[in-house]
1. So in the range 1-48, with the set limited to residues that are in a loop (DSSP other than H, G, I, E, B) and hydrophobic (A, V, I, L, M, F, W, C), which one is least open to solvent (accessible area, probe 1.4 Å)?
2. Consider Glu111 against the criteria (1) away from the ligand (no atom under 16 Å from the Cβ); (2) modelled with pLDDT of 95 or more; (3) within 30 Å of Lys62 (Cβ to Cβ); (4) not in a loop (DSSP other than H, G, I, E, B): it satisfies all of them except one. Which criterion is unmet?
3. Could we say that Leu123 is open to solvent by less than 30 Å² (accessible area, probe 1.4 Å) and of a type outside the set (S, T, N, Q) here?
4. Which residue, of Gly121, Gly164, Gly155, is within 16 Å of the ligand (Cβ to nearest atom) and at pLDDT 90 or above?
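The values are calculated or read from the model by the stated rules, or taken from the named source; none is laboratory data. If you're wondering where the values come from, they're calculated on a predicted model, not measured in any experiment. Here the Cβ positions follow ideal geometry from the backbone for every residue, glycine too, while neighbour counts run over all protein chains shown. Just the protein is used for accessible areas: all its heavy atoms, side chains included, with ligands, DNA and RNA removed. Shrake-Rupley method; radii C 1.70, N 1.55, O 1.52, S 1.80 Å.
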Amino acid sequence: MSENLTIADNMVVSLDYTLTLDDGTEIDSSRGQEPLVYLQGHGQIIPGLEKELYGMGIGDGKQVAVTPAEGYGDVDPNAVQLVDHDVFPPDMQLQPGMRLRMATPEGHPLEAAVVELKDDGVLLDFNHPLAGETLHFEVSVADLRPATEEELQHGHAHGPHGHGH
Ligand code: ZN
């Protein structure tokens, strides 16, 4: 029955994927793990990948290149900012290249990379680590099913282990 299903809005897709950059560096892969399970058409995955998957069936494979504009954006020079030393706990050992998880005063999560330690502050880069990168996805569809009512109300897929919220 399910072999006639194809990827369309409101389908729950189990996707095997490998993500590499232009230089061949592998960033992420579902190899040896469970596939990524998501709800098509609800912005759960990056737009440049999602739009290329429509119409694929179970067992179909594809290579998709996603430009920064449809991936994690271009590198924004204004996203590199000097932050006062006193923002950080005094015992924190900051080093260039370190990634930090922070929060805005409103409590929104924020990630940054330490660029440089200066006398007057810490230079932080708030760009997404994959900003400016063309993303090369190799994907294959492991499974497909229509979403449940509950999944459609929530706007995301519920995996085999529940959805944890
Ligand atoms: Zn849910």
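1. This residue is Ile7.
2. Condition (2) is where Glu111 drops out.
3. On the way: open to solvent by less than 30 Å² (accessible area, probe 1.4 Å): no; of a type outside the set (S, T, N, Q): yes.
It is false that Leu123 is open to solvent by less than 30 Å² (accessible area, probe 1.4 Å) and of a type outside the set (S, T, N, Q).
4. When all the criteria are applied, what remains is Gly155.
Rundown of residues vs (1) touching a residue at least 24 places away in the same chain (Cβ under 8 Å); (2) aliphatic (A, V, I, L, M); (3) touching a Lys or Arg at 6+ places or on another chain (Cβ under 7 Å), yes/no style:
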{"residue": "Asn4", "(1), (2), (3)": "yes, no, no"}
{"residue": "Ala8", "(1), (2), (3)": "yes, yes, no"}
{"residue": "Asp22", "(1), (2), (3)": "yes, no, no"}
{"residue": "Lys51", "(1), (2), (3)": "no, no, no"}
{"residue": "Gly55", "(1), (2), (3)": "yes, no, no"}
{"residue": "Ile58", "(1), (2), (3)": "yes, yes, no"}
{"residue": "Asp74", "(1), (2), (3)": "yes, no, no"}
{"residue": "Val83", "(1), (2), (3)": "yes, yes, no"}
